[in-house]
Amino acid sequence: MLEVGTLGGYSTIWMARGLPADGKVVTLELDPHHAKVARSNFERAGVSDKVDLLVGPALQSLAALVDENARTFDLIFIDADKPNNPNYLDWAMKLSRSGTVIVCDNVIRDGAVVKKNSGDVNVEGARAAFSFIGGEKRLDGTAVQTVGAKGYDGFAIAIVE
Ligand SMILES: C[S@@+](CC[C@H](N)C(=O)[O-])C[C@H]1O[C@@H](n2cnc3c(N)ncnc32)[C@H](O)[C@@H]1O
């Protein structure tokens, strides 16, 4: 699995716990402080051996992953700086194979995603994610809206043909 945006490692730990014995999560984080906290959380959760954390701008880490040997991932979870959603989706396609599932988080933005000219860069990022998925012939996708403590939120989910 590949994750863009680690923070404290909460979602990483959930994914790591769902892996088979030989599975790995590669997670990408810009902020060294967040990375340090995440590493200690991986340790306490007993999943350190299942997680590779790459620190730095995700666009650079993604390029390096492609350069290294074009390994592909079963699941790619995009949850970092929202304006870069289309760029992350573009790299995700390069790191995918047929059957890869791509999830892009926080695309509802309390309903603001339907406001065409909202002026909010995160809303623009959500809209850009939908445009990318809709325009990419190899992807079939939809969105799932959620509601709870964080208000109206949701994720886009797509499968690579
Ligand atoms: C929403 S949080 C991730 C939450 C985490 N996936 C979870 O659900 O527990 C977004 C994270 O992306 C990181 N981030 C923001 N811009 C980034 C970039 N350009 N490259 C890598 N990580 C970035 C932030 O530092 C932050 O830790």
Using label points projected 7 Å from each Cα along Cα→Cβ, tell me how many nm separate residue 94 and residue 63, to one decimal.
0.8 nm
Restricting to DSSP loop positions (anything but H, G, I, E, B) with no more than 16 other Cβ atoms inside 10 Å of their own Cβ, which trypsin sites (Lys or Arg not before Pro) remain in segment 48-157?
71, 97, 115, 116, 137, 138, 150
Pairwise over distinct Cα atoms, reciprocal of the mean inverse distance: report the Kirkwood radius of the chain in Å, one decimal place.
16.1 Å
What does the charge dipole of the chain about its Cα centre add up to, to the nearest 20 debye, if the Cβ of each Lys and Arg holds +1 and the Cβ of each Asp and Glu holds -1?
200 debye
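Stokes-Einstein diffusion coefficient for segment 1-65 at 25 °C in a medium of 0.890 mPa s, Rh from the Kirkwood formula over Cα pairs: what value in µm²/s? Before the final figure, lay out the partial values.
Values: Rh = 11.5 Å.
Answer from the Stokes-Einstein relation: 214 µm²/s.
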Residue 2's amide H: which non-local residues (gap 5+, or another chain) put their own amide H closer than 5 Å, with H modeled 1.01 Å from N in plane and none for Pro or chain starts?
26, 75, 76, 77
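So which of 24/150; 36/82; 36/116; 36/137; 24/115; 50/150 end up more than 31 Å apart, counting from Cα to Cα?
On the way: 24/150 29 Å; 36/82 22 Å; 36/116 38 Å; 36/137 39 Å; 24/115 38 Å; 50/150 29 Å.
Listed pairs above 31 Å: 36/116; 36/137; 24/115.
Rule-based calculations on the coordinates, nothing more; no lab input. Remember, it's a predicted structure, so these values are computed and weren't measured experimentally. Using ideal geometry, Cβ is built from the backbone for each residue, glycine included, and neighbour counts are taken over all protein chains shown.
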